[in-house]
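Trainee: First, the structure itself, so that you have it in front of you.
The values are calculated or read from the model by the stated rules, or taken from the named source; none is laboratory data. The structure displayed is predicted, hence computed values, not measured ones. So basically every Cβ, Gly included, is an ideal-geometry build from the backbone, and we count neighbours across all protein chains shown. Note: accessible area is taken over every heavy atom of the protein model, side chains too, but ligands, DNA and RNA are not part of it. Shrake-Rupley method; radii C 1.70, N 1.55, O 1.52, S 1.80 Å.
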Amino acid sequence: VTGGEKNIGVQRGHIEGGETMTEVKFDESDQRLKGTPIGKYRRWFRSAVDGADDWRKEAQEDYDFVAGKQWTDEELADFEDAHLPAITINRIKPLINVLSGYQRLNRYDIEFLPRTNDDTEICQVRKGMTKYILDRCDYDSQESQAFLDAAIGGLGWFDVGYKFDEEMQDGEAYVKREDPFSIYVDPEAHKSDYSDAKYICRAKWVDKDELKTVFPEHAEAIEAQYAVYDTAENDYQRESRPDPMWYKSELQKVRLVECWYKTKENATLIQLADGRTIQESELPPEELLALYIQGQVTGEQKITKNKVKVCSFFDTVLLEDMDSP
């Protein structure tokens, strides 16, 4: 998952093995927005939430066990009624600590190995740049936290991106651990690295002021949507209450979703007389025209390629939808 400064996860369904079948119930807003981009993104997110429902319940229990919370509320109540102590012998945390210690003592440095003698100097430069970036973002600590997530709950995530400082007119690359409970993946993805996923969402609960600060151009739409929530909160008819998937009334926060997705795009490859193959769109029009005039273009090929885009939205408000930065 990558992102920049604007980085900010129900209905029940079921997933069956083999051929994936997802059954999702949609609310009135989903039906009203059917056929629109925001309607599609909301449908994707609901499907991802449903697909991760079982894992989230099991993973939360795993984290609770490591933290020492190994009795249910009902069991604790039974102990209290019987005037018995709820003794917990945490045999899991020491094992997790051993795994964590092993990872920290046996971590690997990233290496760039040359394929030919001419690559040696380039590899040294790339190794130095990578080490500098990882040192700047405290990568060792971030890596250990992501490793612990994977050891406890089965999934560990990194956020890799570039943070630009408008005041300094400069920025820096970063790698940081991402909360696995904030990530929602296309339930149709089957590969272990999710490379076949059509989309991946990251969701976070944010308040109105934070939302308006990040998206000032949508301040009016944000205020209007909050007015809808306030009106619904004052209405005692249960069916008109805000959807808890999008709004937490006790915190007065909305769920901001950042969705990274793939689209198909047509492109043209041109073969040059010197053996190179390049995309037509990568060349300025005047340079491309010169190649044709000089007879340097020996052939063309139409292809379809994946393009990554990102959108941000909450509830029915689409905040941005653009090419991946």
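Trainee: May I ask you to rank T231, T316 by accessible area, largest first, using a 1.4 Å probe over the protein chains only? Each step should come with its number before you reach the end.
Mentor: On the way: T231 95, T316 40 Å².
Ranked from most to least accessible, the order is T231, T316.
Trainee: Moving to a separate point now. Within the stretch 189-211, which residues have the backbone N less than 13 Å from the label spot 7 Å out from Q252 along Cα→beta-carbon, could you tell me?
Mentor: Only 207-210 fall inside the zone, counting backbone N under 13 Å.
Trainee: So if I take the centroid of the Cα atoms in the stretch 137-205 and the same for the stretch 257-325, what is the distance between those two points in Å?
Mentor: Between the Cα centre of the stretch 137-205 and that of the stretch 257-325, the gap is 26 Å.
Trainee: If you consider only alpha-carbon coordinates, what radius of gyration and Dmax does the stretch 67-135 have, in Å?
Mentor: Spelled out, the Cα radius of gyration and Dmax of the stretch 67-135 are 25.0, 76 Å.
Trainee: Accessible area per residue, 1.4 Å probe, Å², for the stretch 21-138: what's the number?
Mentor: Working: 9020 Å² over 118 residues.
That works out to 76 Å² for each residue.
Trainee: Can you give me the solvent accessible area of S192 with a 1.4 Å probe, rounded to the nearest 10 Å²?
Mentor: Spelled out: S192, probe radius 1.4 Å, area about 120 Å².
Trainee: For the pair T213 and E282, what calculated FRET efficiency results from E = 1/(1 + (r/R0)^6), where r is the Cβ-Cβ distance and R0 = 45 Å, to the nearest 0.05?
Mentor: Values: r = 37 Å, r/R0 = 0.82.
The calculated FRET efficiency here is 0.75.
Trainee: Filter the trypsin sites (Lys or Arg not before Pro) in the stretch 163-254 down to the DSSP loop ones having no more than 10 other Cβ atoms within 10 Å, then list what survives.
Mentor: Numbers: sites: K163, K176, R177, K191, K198, R202, K204, K208, K212, R238, K248, K253; in loops: K191, K198.
Here the sparse-neighbourhood loop sites are K191.
Trainee: Taking 7 Å along the Cα-to-C-beta vector as the label spot, tell me the R107-T130 distance in nanometres, rounded to one decimal.
Mentor: 1.5
Trainee: Okay, next question. Relative to the present Cα-Cα distance, how much length would full extension add between T268 and E188 at 0.36 nm per residue of separation?
Mentor: 25.8 nm
Trainee: Calculate log10 I(q)/I(0) of the chain for q = 0.10, 0.12, 0.14 Å⁻¹, where I(q) comes from the Debye formula with a single equal point scatterer on each Cα and nothing for solvent.
Mentor: -0.85, -1.14, -1.35
Trainee: At q = 0.17 Å⁻¹, work out log10 I(q)/I(0) for the stretch 277-325 with the Debye formula, treating every Cα as an identical point scatterer and leaving solvent out; two decimals please.
Mentor: Scattering profile of the stretch 277-325, log10 relative to I(0): -0.69.
Trainee: Which value, in Å², gives the accessible area per residue of the stretch 201-304 when a 1.4 Å probe is used on the protein heavy atoms?
Mentor: Solvent-accessible surface per residue comes out at 62 Å².
Trainee: Could you pull out the GluC sites (Glu not before Pro) across the stretch 183-287 that fall in loop regions by DSSP (anything but H, G, I, E, B) with no more than 13 other Cβ atoms inside 10 Å?
Mentor: Sparse-neighbourhood loop GluC sites (Glu not before Pro): E250.
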